[in-house]
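I have placed the structure first, in the form of structure tokens, so that the comments after it can refer back to it.
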Amino acid sequence: MPDSIRHILRAKQHPARAVECPHCGAVAHRPCRSQSRTRIMTQPHPSRISAWVRLTACCPVCQVEPGVPCHLDGRELRDGAVHPRREAEAREVAA
Ligand SMILES: [Zn+2]
Ligand SMILES: [Zn+2]
């Protein structure tokens, strides 16, 4: 990860916090919690980031609109995953 991006992420909350976390159940704008729910995570769970990316960005790889899951060879990516380029796209929109 280039330092410039790292700096942006550190400077403000991760934009994926705008959506609920399907992994730990954190509601919008609340931080993710560890499985024991005693520790607050500094970064959202990967599945929350994927959920946010699916809602905010089009995918330049598989050409889907926001809200539509990424797919490969006609099948959705496993566990709601998104293409890395789509995540990059979402970060640009949020920046
Ligand atoms: Zn979470
Ligand atoms: Zn895709």
Cα axis of helix 84-94 to longest principal axis of the chain: angle in degrees, 0 to 90, nearest 10? 60 degrees
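How large is the charge dipole for the chain, taken about the Cα centre, if only the Cβ atoms of Lys, Arg (+1) and Asp, Glu (-1) carry charge, to the nearest 20 debye?
On the way: 15 positive and 9 negative charges, 110 e Å.
Roughly 520 debye, rounded to the nearest 20.
May I ask for the longest run of the chain untouched by trypsin sites (Lys or Arg not before Pro) that are loop-located per DSSP and have at most 14 neighbouring C-beta atoms (other than their own) within 10 Å? Each step should come with its number before you reach the end.
Numbers: sites that count: Lys12, Arg37, Arg39.
The answer is 40-95.
Percent relative contact order of the chain, based on C-alpha pairs within less than 8 angstrom and at least six residues apart?
Over the chain, the number comes to 21 percent.
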Roughly how many nanometres apart are two label points built 7 Å out from the Cα toward the Cβ at Glu65 and Val93? 1.2 nm
For the chain, the Rg and Dmax computed from alpha carbons only, in angstrom: 13.6, 41
Extension length gain for Leu55 and Arg75 (0.36 nm per residue less Cα distance), in nm, is 5.4 nm
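At 222 nm, what helix-only mean residue ellipticity would the chain give, in deg cm²/dmol to the nearest 500, using -39500 (n - 2.57) for each DSSP H run of four or more?
Working: 3 runs with 31 residues, N = 95.
Computed ellipticity for the chain at 222 nm equals -9500 deg cm²/dmol.
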Hey, what angle do you get for helix 46-56 against the long axis of the chain, alpha-carbon based, 0 to 90 degrees rounded to 10? 60 degrees
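Only the coordinates and a few stated rules stand behind these numbers; no lab work does. Values in this document were obtained by computation on a predicted structure and should not be read as measured data. Using ideal geometry, Cβ is built from the backbone for each residue, glycine included, and neighbour counts are taken over all protein chains shown.
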